[in-house]
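Below is one structure, written out as structure tokens, with a few remarks after it.
The values are calculated or read from the model by the stated rules, or taken from the named source; none is laboratory data. Owing to the predicted nature of the structure, the values given are computational and were not obtained by experimental measurement. Cβ placement follows ideal geometry from the backbone for every residue including glycine, while neighbour counts extend to all protein chains displayed. Ligands, DNA and RNA are stripped out before the accessible areas are found, and what is left, the full protein with its side chains, is counted by its heavy atoms. Shrake-Rupley method; radii C 1.70, N 1.55, O 1.52, S 1.80 Å.
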Amino acid sequence: MAACAFRRSIARQLSEVLDLPPENLIKSISAVPVSRKRHDADFQLSVASIEEGGSSDCLAQDLQLRAQKLAEKLKCDAVVSEISTGPGTVNFTINRELLAKTVLQQVLKDGTQYGTKSELFSTVPKQKAVVEFSSPNIAKKFHIGHLRSTIIGNFIANLKVALGHEVTRINYLGDWGMQFGLLGVGFQQFGDKEKLKSSPLQHLFEVYVQINKAAADENTKKLAKDFFRKLEEHDEQALSLWKEFRDFSIKEYTRIYKRLGVHFDEYSGESFYKEKSWEVLKMLEDKGLLQKTTKGTGVVDLSEKKDLSSLSTVIRSDGTSLYITRDLAAAIDRMNKYNWDTMIYVTDRNQSSHFQHLFQILKLMGYDWVERCQHVSFGLVQGMKTRKGEVIFLEDVLDEVRSRMLENMASAKTTKEVEDPVETAEKVGLAALIIQDFRGLLSSDYQFSWDRALQSRGDTGVFLQYTHARLHSLEQMHGNEPVTDINVACLQEPDAISVLQHLLRYDEVLYRSSQDLQPKHIVSYLLTLSHLAAVAHRTLPVKGSTPALAQARLCLFQATRSVLANGMKLLGITPVTRM
Ligand code: ARG
């Protein structure tokens with residue numbers, strides 16, 4: 001990793017002066033973010049970060065002085081060509097030709113792995129991770145929260161895989177519960193086997209809506225209850241109908257997830273844990289954690305004072321299990337099955353207290369591994385509507401963004417002729433959805449806007465795709481062989497240096513996202529990369545330049561496209577080569 005070699009070299013010199021091991025210094029040396037106000041320096045060391053304990057209350061003046069004193073003791077060498085100080089920092093400028101050579105060589109050599117092998121990750125042990133995401137409910141609405149869960153979970157899984165972790169992706173379907181009692185009865189009244197086969201999600205939802213209306217009637221309610229009891233008692237006929245609902249739904253979901261570029265290693269679901277939840281209840285009882293209430297429900301006391309001021313119901317008065325009971329069973333089962341090091345649940349924040357309770361109960365049961373479970377929650381999205389109306393199915397969103405994108409492409413002057421406009425529109429549209437969603441903190445709510453998401457300029461996924469396509473066609477135009485032997489003296493213009501400096505920072509950005517699981521660091525990195533590329537594209541022409549200059553610039557653009565594509569893929573975007 002290019003940045004590593006530089007950081008190491010700087011750390012070596014610092015370690016002699018400061019008498020600290022270089023390993024301790026590496027994380028304090030960071031690449032300087034590229035900004036409008038150009039900086040010559042490529043790396044900086046924050047003086048406060050190397051002082052031991054309580055340095056944060058140091059006066060700014062003090063820090064400045066210390067930075068200066070430290071800088072005086074350091075010398076330029078073959079790697080560092082200039083040392084300066086800023087507010088509380090010592091700044092290092094890398095020998096310009098070495099910068100270009102090292103960065104470009106590394107990007108082209110490492111390809112898709114650029115940045116992922118950085119020593120920033122050397123202290124992070126490789127782990128087995130379970131990421132549970134998407135998890136829609138069969139026959140109920142697929143709401144925008146499920147879409148968010150799908151793209152966020154996919155991103156987390158992608159990132160972990162890229163960083164060398166072993167990941168199991170689980171889709172935990174809402175495929176059990178009273179709703180299947182209703183659905184069973186509903187299907188007997190309004191169902192159609194053919195429709196179930198051809199469009200299961202749509203049809204089951206229709207049946208569910210119809211029977212819900214009818215369920216005001218006591219008799220229907222009773223029938224639904226009976227049907228669900230039959231399911232719980234393994235009645236063959238009831239189960240086989242339920243299985244059809246489930247199988248057809250999964251088949252259709254798989255097809256739609258494919259459009260999204262998402263896959264799962266396991267389609268699990270609440271139904272898997274209907275029996276295992278009895279074992280959980282038995283365990284709770286044996287551990288003395290299960291209490292019966294006067295209402296006949298079974299609860300676990302979660303309060304500190306053990307006065308039931310906080311509790312979680314794990315069994316209904318009629319003896320049936322609940323959502324949380326099945327989640328307890330699922331967590332324990334996954335530990336047995338995968339022996340994971342970390343397990344992540346991705347859902348909207350409305351389920352925060354559910355997961356808090358889940359983790360608390362597991363802790364009371366003595367499962368210390370619960371410390372390694374994490375609920376990644378996200379905020380709400382307001383105002384997502386298609387032209388047809390409110391969103392009910394995932395596919396509606398995908399169709400809508402695709403058709404809007406197709407219209408935009410048809411009316412834009414810059415649009416190239418593409419082989420498959422529908423597929424291109426789909427990929428670009430998806431990029432638009434993902435970037436709009438990932439721009440802010442996951443925990444923030446945001447107002448959904450088709451127009452904002454689909455703007456071709458500005459900070460959108462469309463812009464990223466456009467940049468990627470443009471860089472790709474530049475390569476095509478000038479022979480798409482990877483350029484190797486270049487004259488780095490040709491890459492000394494400020495706009496070229498800015499791109500190189502930005503490429504240098506990629507590993508730090510990956511590191512940040514891997515620490516807090518927020519995609520926004522990568523998003524803003526890629527947007528900046530695209531803006532820098534646009535400027536460089538304008539000021540550093542390939543066409544009409546001398547062969548040496550053209551080669552060097554082409555190499556810079558190749559590297560840019562490579563990192564752009566890597567980052568986009570992590571976010572779940574498929575880069576297009578023409579649009
Ligand atoms: N099916 C649930 C819903 O749509 C989400 C499941 C989340 N995961 C879990 N293990 N509880 O609300």
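Observations
- Of all residues in the stretch 94-140 being among the β-branched types (Val, Ile, Thr) and open to solvent by 10 Å² or more (accessible area, probe 1.4 Å), the one that is nearest to HIS39 (Cα to Cα): THR102
- Enumeration of residues in the stretch 57-76 that are touching a residue at least 24 places away in the same chain (Cβ under 8 Å) and open to solvent by less than 70 Å² (accessible area, probe 1.4 Å): LEU63, GLN64, LEU70, LEU74
- Of the residues in the stretch 195-215, none is farther than 19 Å from PHE142 by Cα and crowded, with 19+ Cβ neighbours inside 10 Å.
- Strands (runs of 3 or more DSSP E) lying entirely in the stretch 282-351 (those with 3 or more residues that are open to solvent by less than 20 Å² (accessible area, probe 1.4 Å), more than 16 Å from the ligand (Cβ to nearest atom) and not aromatic (Phe, Trp, Tyr)): 298-301
- Condition check for HIS165: within 16 Å of the ligand (Cβ to nearest atom), in contact (Cβ under 8 Å) with a residue 12 or more places away in the chain and open to solvent by 10 Å² or more (accessible area, probe 1.4 Å): no
- Cβ-Cβ under 8 Å pairs, at least 6 apart or on other chains, the stretch 558-579 side on the phi > 0 side of the Ramachandran plot, far side aliphatic (A, V, I, L, M): GLY572/ILE151; GLY572/LEU260; GLY572/VAL262; GLY572/LEU430; GLY572/ILE434
- Any hit, the stretch 378-385, residues being at pLDDT below 90, within 16 Å of the ligand (Cβ to nearest atom), open to solvent by 30 Å² or more (accessible area, probe 1.4 Å) and more than 27 Å from LEU328 (Cβ to Cβ): no
- Among the residues of the stretch 147-194, those that are out of contact with any Pro (no Cβ under 8 Å at 6 or more places or on another chain), among the aliphatic types (A, V, I, L, M) and not in a helix (DSSP H, G or I) comprise LEU163, VAL167, ILE170.
- Qualifying positions in the stretch 386-438 - part of a loop (DSSP other than H, G, I, E, B), more than 29 Å from ILE138 (Cα to Cα) and open to solvent by less than 30 Å² (accessible area, probe 1.4 Å): VAL418
- Every test in (1) free of Cβ contacts under 8 Å to residues at least 40 places away in the same chain; (2) under 30 Å from SER122 (Cα atoms) is passed by GLN188 save one, and that test is (2).
- Selection count where residues are away from the ligand (no atom under 15 Å from the Cβ) and assigned to a helix (DSSP H, G or I), scope the stretch 361-377: 6
- Qualifying positions in the stretch 247-266 - under 22 Å from the mean Cα position of the chain (by Cα) and either surrounded by 19 or more Cβ atoms within 10 Å (Cβ to Cβ) or farther than 16 Å from TYR172 by Cα (or both): TYR253, ARG255, ILE256, LYS258, ARG259, LEU260, GLY261, VAL262, PHE264
- The residue that is surrounded by the most Cβ atoms within 10 Å (Cβ to Cβ), counting only those in the stretch 459-497 that are of a type in the set (S, T, N, Q) and more than 15 Å from LEU564 (Cα to Cα), is ASN487.
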